[in-house]
Amino acid sequence: MATITERNGRFTIRVRIQGAPTATKTFTRRSDAERWGRKVQAELESGLWVPEKMPVPTLRHAVQEYRRTVGAKLRGAPYYERHWDAYEALPWAAKAIDKVTPHDLATWRDHLLDRGLSAATVRKDITLLSCVFTYAVKQRQWIDRNPTSLIAWPKPAAGRTRVVSNEEMSYLLASAGKSKAAWMRPTIVLLARSAMRRGELFSLRRCDVNLEARVAHLSMTKNGSARDVPLCPESVEALRQLLSLIPEAEDACLLPLNSAVYISVRFIATVKRARAMYLADCQAGGVEPEAAFCVDLPLHALRHTAATFWASSGQLGVHQLQAITGHKNLSMLNRYTHLSASQLAQKLQVIAQSR
């Protein structure tokens, strides 16, 4: 019996006869697949069929095909370009993909770690290359098994929970106020209260913001679905300031940038300036500066700060927090819920006293 499946304009035919191995081949035309299927079925039934030795491409060829047919359609396609280039330049990229060994992958993994890359970054590199091998297994039948499953992946570090303290925030805002980028200060306020991600803020346009309803509509988020972000008064004021800096066109982007990465670049500069301002004030006041003040403070810390701020209020339930942050998985909020334990204890006391 022959079955044909179509994917990405190619037709894969499988011929199965009881007691005989399954014959599989992919064609660009359905008629060719049907013709080959009839021929192979007759040979299988007569016991004359000999499996064809299919040529196996190099890893470089596999990466190029995956990059063209699948990678180009991914939401993060522009950010993956450098990864594809790096994979094609691997010392063993000229090997046939079925000859790539776990040793090759383990050596590459160790090289990345020796360069000082974090475990999380290396895991992302392995994950993306693993997608190519999975494609080779499931879509093209070039290999039987994904070799990345045979190596030890770097253990992920504990989730970051760094938040911006009130004093750090005051210095960050003062520093941002001195920036040539007028959008930096309201951006910090907005991210520290709305819990939006960098990419979500970057995608916002004027038509997505409703100041009267106090809602910002995100048509695409990290988890792949649209959502509406509720805005507190501080967020509304920050958005009002950002809107005053852009053209009146409804489709005008909220931030005048070509890439979301530039938000992080400007934030890093803002943090460095804030640290310098803090050290100058400590020296002038004869105070010993805190070693961790405005140190190890990535842009994503503002999202943690927002989630922590609202969780610590003790007035919002987990589902309400989820509506603010956009987490689909409630377990992702666990790192914040412990912060409101004291408020929960107070509520328990009130309940106990009323009984």
Could you list, in sequence order, the residues of the stretch 93-106 that are touching a Pro at 6+ places or on another chain (Cβ under 9 Å), surrounded by fewer than 16 Cβ atoms within 10 Å (Cβ to Cβ) and either of a type in the set (D, E, K, R) or without any contact (Cβ under 8 Å) to a residue 40 or more places away in the chain (or both)? none
Tally time: how many residues in the stretch 88-124 are in contact with a Leu (Cβ under 6 Å, 6 or more places away or on another chain) and outside any loop (DSSP other than H, G, I, E, B)? 3
Log entry, pairs with first residue in the stretch 167-186 being assigned by TED's automatic domain parsing to the domain that holds A269 and without any contact (Cβ under 8 Å) to a residue 60 or more places away in the chain, second being surrounded by 15 or more Cβ atoms within 10 Å (Cβ to Cβ) and polar (S, T, N, Q), beta carbons closer than 6 Å, six or more apart or on different chains, reads P186/Q241
Quick check, is R303 within 23 Å of R214 (Cβ to Cβ), in contact (Cβ under 8 Å) with a residue 40 or more places away in the chain, basic (K, R) and assigned to a helix (DSSP H, G or I)? yes
Determine which member of the set G19, G37, G9 is out of contact with any helix residue (DSSP H, G or I) (no Cβ under 6 Å at 6 or more places or on another chain), outside the structural domain of T127 (by TED's automatic domain parsing), over 30 Å from T121 (Cβ atoms) and buried (at least 16 other Cβ atoms within 10 Å of the Cβ). G37
Take F309 and tell me if it is of a type in the set (F, W, Y) and in contact with a Ser or Thr (Cβ under 9 Å, 6 or more places away or on another chain). no
What about Y66, is it touching a residue at least 12 places away in the same chain (Cβ under 8 Å), hydroxyl-bearing (S, T, Y) and in a helix (DSSP H, G or I)? yes
Given the structure, is A136 in a strand (DSSP E or B), crowded, with 16+ Cβ neighbours inside 10 Å and out of contact with any His (no Cβ under 8 Å at 6 or more places or on another chain)? no
Filter the stretch 225-278 for residues that are closer than 21 Å to T325 by Cβ and either part of a strand (DSSP E or B) or outside the structural domain of L191 (by TED's automatic domain parsing) (or both) and give the result. R227, D228, V229, P230
Return the only residue of E167, E212 being not hydrophobic (A, V, I, L, M, F, W, C) and not in a loop (DSSP other than H, G, I, E, B). E167
Would it be correct to say that T26 is in contact with a strand residue (DSSP E or B) (Cβ under 6 Å, 6 or more places away or on another chain) and under 17 Å from T134 (Cβ atoms)? yes
Just give me the residues in the stretch 222-270 being in contact with a strand residue (DSSP E or B) (Cβ under 7 Å, 6 or more places away or on another chain), within 20 Å of A301 (Cα to Cα) and buried (at least 19 other Cβ atoms within 10 Å of the Cβ), in sequence order. V229, L231, L239
Criterion (surrounded by fewer than 17 Cβ atoms within 10 Å (Cβ to Cβ), over 20 Å from L299 (Cβ atoms), touching a strand residue (DSSP E or B) at 6+ places or on another chain (Cβ under 6 Å) and at pLDDT 90 or above) met by exactly one of R205, R214: R205
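The values are calculated or read from the model by the stated rules, or taken from the named source; none is laboratory data. Predicted model only: the values in this text are computed from it and were never measured. So basically every Cβ, Gly included, is an ideal-geometry build from the backbone, and we count neighbours across all protein chains shown.
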